[in-house]
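Before any comments, here is the structure.
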Amino acid sequence: MDLNTIIIGLIITAVIVVPIAYIQWSQKIEKKKTKTAFINNAKQNKIQVSHMDFWGTYYGIGLDSQKNVLVYSKKTEENPVWLSVNLNTIKTCYIDTVTQHIKTKTANKVETERLNLVLKTKHAQDTVVLEFYNVDVNFEMTTEHPLLQKWQNLITAALTTSKMAA
């Protein structure tokens with residue numbers, strides 16, 4: 001191999017590898033900022049998070065088992081969300097999947113647009129919707145389904161415990 005071929009190979013490799021490495025590095029930094037902001041918000045609100053999960057670049061959820069409070073955040077530049085929900089005011093919890101049917105020439109396809117965890121309050125028809133996946137925010141679904149199921153189970157268990165204590 002001559003020197004020109006090696007240089008061209010290195011340049012092509014750099015053109016491919018550097019942007020991918022930069023994207024992953026910037027996502028890692030953004031996830032760390034999201035986690036730090038989540039923990040700081042919880043501390044400011046005097047919430048001791050005993051269980052917490054982070055997914056995607058923007059989402060975080062946690063539970064203060066002592067106070068029976070759920071905290072949720074979605075940190076985007078356009079519309080940051082921070083919620084704390086007293087689970088003693090919640091009656092039920094369920095998963096809501098919003099899909100879109102796409103019809104092509106060869107097949108019908110169902111695409112998931114959003115995955116939400118819906119908390120129905122004890123008062124009238126009030127609900128709290130916690131977004132776990134949105135196709136407009138994350139183009140690919142990864143760990144959202146098992147995470148959603150985990151949190152539905154955690155919240156349902158917390159609701160059962162609070163009903164028994166009452």
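The values are calculated or read from the model by the stated rules, or taken from the named source; none is laboratory data. If you're wondering where the values come from, they're calculated on a predicted model, not measured in any experiment. A quick note on method: Cβ atoms are made from the backbone with ideal geometry, for glycine too, and the neighbour counts reach across all protein chains shown.
Taken as a whole, the stretch 145-152 holds at least one residue that is closer than 25 Å to residue 66 by Cα, within 19 Å of the chain's Cα centre (by Cα) and exposed (fewer than 11 other Cβ atoms within 10 Å of the Cβ). Number of residues in the stretch 115-143 that are modelled with pLDDT under 90 and under 16 Å from the mean Cα position of the chain (by Cα): the value is 10.
Going by the conditions given, is residue 55 farther than 21 Å from residue 32 by Cβ, surrounded by 15 or more Cβ atoms within 10 Å (Cβ to Cβ) and either over 16 Å from the mean Cα position of the chain (by Cα) or of a type outside the set (D, E, K, R) (or both)?
Working: farther than 21 Å from residue 32 by Cβ: no; surrounded by 15 or more Cβ atoms within 10 Å (Cβ to Cβ): yes; either over 16 Å from the mean Cα position of the chain (by Cα) or of a type outside the set (D, E, K, R) (or both): yes.
The answer is no for residue 55.
Taking the stated definitions as given, is residue 17 out of contact with any Pro (no Cβ under 7 Å at 6 or more places or on another chain), exposed (fewer than 12 other Cβ atoms within 10 Å of the Cβ) and β-branched (Val, Ile, Thr)?
On the way: out of contact with any Pro (no Cβ under 7 Å at 6 or more places or on another chain): yes; exposed (fewer than 12 other Cβ atoms within 10 Å of the Cβ): yes; β-branched (Val, Ile, Thr): yes.
So residue 17 passes the test.
When you go through 46, 67 one by one, which is the residue that is closer than 30 Å to residue 90 by Cα and surrounded by fewer than 11 Cβ atoms within 10 Å (Cβ to Cβ)?
Working: 67 fails: surrounded by fewer than 11 Cβ atoms within 10 Å (Cβ to Cβ).
Exactly one of 46, 67 is closer than 30 Å to residue 90 by Cα and surrounded by fewer than 11 Cβ atoms within 10 Å (Cβ to Cβ), namely 46.
Take the residues in the stretch 99-124 that are among the aliphatic types (A, V, I, L, M) and exposed (fewer than 14 other Cβ atoms within 10 Å of the Cβ); name whichever of them is farthest from residue 147 (Cα to Cα). Once the filter is applied, the top-ranked residue is 107. Among the residues making up the stretch 110-153, a single one is of a type in the set (Ser, Thr, Tyr), touching a strand residue (DSSP E or B) at 6+ places or on another chain (Cβ under 6 Å) and assigned to a loop (DSSP other than H, G, I, E, B): 143.
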